[in-house]
1. How many residues does segment 68-99 hold that are part of a loop (DSSP other than H, G, I, E, B) and surrounded by 15 or more Cβ atoms within 10 Å (Cβ to Cβ)?
2. Please count how many residues of segment 107-131 are modelled with pLDDT of 95 or more and either within 20 Å of residue 70 (Cα to Cα) or touching a strand residue (DSSP E or B) at 6+ places or on another chain (Cβ under 8 Å) (or both).
3. Can you tell me how many residues within segment 1-35 are surrounded by 17 or more Cβ atoms within 10 Å (Cβ to Cβ) and not in a helix (DSSP H, G or I)?
4. Can you pull out the residues in segment 100-114 that are loosely packed, with under 15 Cβ neighbours inside 10 Å and either more than 19 Å from the chain's Cα centre (by Cα) or more than 24 Å from residue 34 (Cβ to Cβ) (or both)?
5. Do we find a residue being surrounded by 12 or more Cβ atoms within 10 Å (Cβ to Cβ) and in a strand (DSSP E or B) anywhere in segment 43-56?
6. Filter segment 11-32 down to the residues that are over 25 Å from residue 129 (Cβ atoms) and in contact with a strand residue (DSSP E or B) (Cβ under 9 Å, 6 or more places away or on another chain) and list them by number.
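The values are calculated or read from the model by the stated rules, or taken from the named source; none is laboratory data. Remember, it's a predicted structure, so these values are computed and weren't measured experimentally. Here Cβ is always computed from backbone atoms with ideal geometry, including for glycine, and neighbour counts include all displayed protein chains.
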């Protein structure tokens, strides 16, 4: 069986690939029912629960379908026996946005917990730097 870091890296890579494909079932697959998410667009108090998480993705998928990029640039993972966190920078934007701001990266943080031997995302946070 792969070690925890390898399992978590594979989970996050699958998630990012699913986001890029617009595959909602795969995006939500490795998340807890009591997930908390803070995202770039409102609501600013965050989303609570898997149903709310699923509901926010379709508008992003529609925007992304016009040629936007969503790919991991860097990913760092720290894992304990039952709790882990990961932080990443992603290229996220249209070709025009990325050409105008080539160093701009979406910041991503995941809080994970291991349940019955399986890593699941319990907290997710996306943000862009505010210039």
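1. The number of residues fulfilling the criteria is 1.
2. So the answer is 16.
3. Total satisfying the criteria: 4.
4. 100, 101, 102, 103
5. Yes: one or more hits.
6. Result: 11, 28, 30, 31, 32.
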